[in-house]
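Accompanying notes for the structure given below.
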Amino acid sequence: MTTPQHKIGSGFGARSTADDVLQGIDLSGKLAIVTGGYSGLGLETTRALARAGARVVVPARRREVAEEAVGGVGGVEVDELDLADLQSVRRFAERFLATGRSVEIVINNAGVMACPETRVGPGWEAQFATNHLGHFALVNRLWPAIARGRGRVVSVSSAGHRHAGIRWDDVQFERGYDKWQAYGQAKTANVLFAVQLDALGRDAGVRAFALHPGGILTPLQRHLAKEEMVEAGWIDEDGNALNPEFKTPEQGAATQVWAATSPQLAGMGGVYCEDCDIAEPTTGAGVGPGVRDYAIDPEQAARLWALSAELTGVNAFPAVAGSSR
Ligand SMILES: NC(=O)c1ccc[n+]([C@@H]2O[C@H](COP(=O)([O-])OP(=O)(O)OC[C@H]3O[C@@H](n4cnc5c(N)ncnc54)[C@H](OP(=O)(O)O)[C@@H]3O)[C@@H](O)[C@H]2O)c1
């Protein structure tokens, strides 16, 4: 059954933290994989899941940095993964599958935002490749372990999906690059991925969600000039946060942890969440609350799945990937 894209009145909100949404939830015996789980929201997600008893695998592009960041957090393992390199994705998945373990929670959290034009692999635009294609290949390769876990796959998207839908006629920005359009497309892809994975995986007992975590000052803004952030009203000239709506990293991690673990979402999936609830649809222009229709459109979700399978050469659902059932 399709889950309506409407609030459910979770009782949590923008100021809830990851620990708040985990109150009373015991994750002992469960295994989570959190990409980018060593910086910003990912690090808070790793810490909170581990505190609730989960074993957490943190696949990292910079292994030493990750080991230092999660050092001292019990139950956390660091491995290597560069999402912009499909061979690295394959190697990580093979190492994980070789352990024979199941995975109950996958949080596709790693990401890059508004970087200068960068090409990876066979010339792919780096935000689409890292934020979407790398996670697409990762989940498809890990599918046997995910299916055994019968759990949830969570895509950390962004209100930035409202910058752009999928540019079907120029997905790789070969006709001119715009860093925000490219981030928007990649974050729309994260939502569409969750829509199609939920459709494909629900019969196996696996559900998928996407979400906007809120606005949080983290190393994600590394590619933005200070002047750009001052102009946007995010920080003052001295780098202090100005926007009262900004969340702390603990609050920013809450929606992804809620989507990954909350019993309030039992039997649901394929929806975009924000502020620890399912979000409402919006037709509004600019970045703000709500999800745009192009990001939750089942037909575009199926089309993106087929394109991603073709580009990456990986597909755990070859028989049905083109369908939008
Ligand atoms: N912060 C916000 O306001 C905000 C708002 C909306 C959405 N989001 C989303 O939230 C997620 C987490 O962001 P954050 O704010 O926590 O940013 P962050 O602190 O910069 O963390 C991003 C993580 O992704 C990792 N990563 C980047 N490229 C990678 C690659 N090629 N392979 C593997 N890992 C890679 C980074 O690793 P390195 O440190 O080694 O580079 C880092 O650990 C992102 O998907 C972002 O789009 C954030």
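The values are calculated or read from the model by the stated rules, or taken from the named source; none is laboratory data. Fair warning: this is a prediction, and the values are worked out from it, not measured in the lab. Here the Cβ is made from the backbone with ideal geometry for all residues, glycine too, and neighbour counts use every protein chain on show. We work out accessible area using only protein heavy atoms, side chains counted, and drop any ligands, DNA or RNA first. Shrake-Rupley method; radii C 1.70, N 1.55, O 1.52, S 1.80 Å.
Numbers for the structure displayed
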| read-out | value |
| --- | --- |
| Nonlocal amide H pairs with Val78, under 5 Å, H built at 1.01 Å | Val58 |
| Integer Hz, Karplus 6.51/-1.76/1.60 couplings in order for segment 78-94, x for Gly and Pro | 9, 9, 10, 6, 10, 5, 7, 10, 5, 6, 5, 4, 4, 5, 4, 4, 5 |
| Selection of GluC sites (Glu not before Pro), segment 237-301, meeting DSSP coil and at most 15 other Cβ within 10 Å | Glu237, Glu245 |
| Accessible surface, the chain, averaged per residue in Å² (probe 1.4 Å) | 40 Å² |
| Most mobile of Leu220, Leu49, Leu41 in a GNM of the chain (Cα contacts under 10 Å) | Leu220 |
| Overall form of the chain per C-alpha gyration tensor (a/c, 1.5; a/b vs b/c) | rounded |
| Long-range HN-HN contacts of Ile216 with modeled amide H, under 5 Å | Lys247 |
| Inter-part distance where segment 94-116 and segment 173-209 are each reduced to a Cα centre, Å | 15 Å |
| Segment 189-202 - phi-based ³J(HN,Hα) in whole Hz, Karplus 6.51/-1.76/1.60, Gly and Pro as x | 4, 4, 6, 4, 4, 5, 4, 6, 4, 5, 5, 7, x, 5 |
| 13 Å beta-carbon shell around Phe136, net charge (K/R +1, D/E -1) | +1 |
| Whether segment 55-191 is rounded, prolate or oblate, judged on the alpha carbon gyration tensor where a/c under 1.5 counts as rounded | prolate |
| Nitroxide proxy distance, nm - points 7 Å out along Cα→Cβ at Ser28 and Glu245 | 4.2 nm |
| Qualifying trypsin sites (Lys or Arg not before Pro) for segment 150-187 [loop in DSSP, other Cβ within 10 Å: at most 10] | Arg175 |
| Within straight-line cross-link reach of Lys179, lysines at Cα separation under 22 Å, skipping those fewer than 8 residues along the same chain | Lys187, Lys226 |
| Distance between modelled label sites at Glu80 and Asp19, nm, 7 Å Cα→Cβ extension | 3.5 nm |
| Residue-span extension gain [Glu227 to Met1] - 0.36 nm each, minus C-alpha spacing | 76.6 nm |
| Built amide H within the under 5 Å cut-off of Ala110, gap 5+ | Thr35, Gly36 |
| Derived scalar couplings ³J(HN,Hα) [segment 53-70; Karplus, 6.51 cos²θ - 1.76 cosθ + 1.60; whole Hz; x for Gly, Pro] | x, 6, 8, 10, 9, 10, x, 10, 5, 10, 4, 5, 4, 5, 4, 5, 5, 9 |
